[in-house]
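Everything below concerns the one structure shown next.
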Amino acid sequence: MRRNILGIVGFLLILGVVLDLGNKISYLTDWSTGEMWGYNVFTLLSVFGGGYLIYYALRKRV
């Protein structure tokens, strides 16, 4: 049950980033200001963190 919830949270993290980046895809190429650094780091952590949560939820239970 816990893994299912983590998988859903991971999916929502990635889905939120994808929906948000629909209009702002060029933001990931702009690292000039502190605000952009924060936005880009949060975006990348959300994608990789969400991917790990999905992996953790779907991996074979040992």
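Read-outs: derived from the displayed coordinates by stated rules, not from any lab. Quantities reported herein were computed from a predicted structural model and do not represent experimental measurements. Counting neighbours? That spans all protein chains shown, and the Cβs are built from the backbone with ideal geometry, glycine included.
A compact table of results
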| read-out | value |
| --- | --- |
| Ellipticity estimate at 222 nm from DSSP helix runs (n ≥ 4, -39,500 (n - 2.57)) divided over the chain, nearest 500 | -27500 deg cm²/dmol |
| Angle between the chain longest axis and helix 2-24 axis [Cα atoms, degrees, rounded to 10] | 20 |
| For the stretch 2-58: span of alpha carbons on each principal axis (Å, largest first) | 39, 19, 12 |
| Spacing of the two label points (7 Å from each Cα toward its C-beta) at S26 and N4, in nm | 4.4 |
| C-alpha long axis of helix 34-58 to longest principal axis of the chain, angle in ° | 20 |
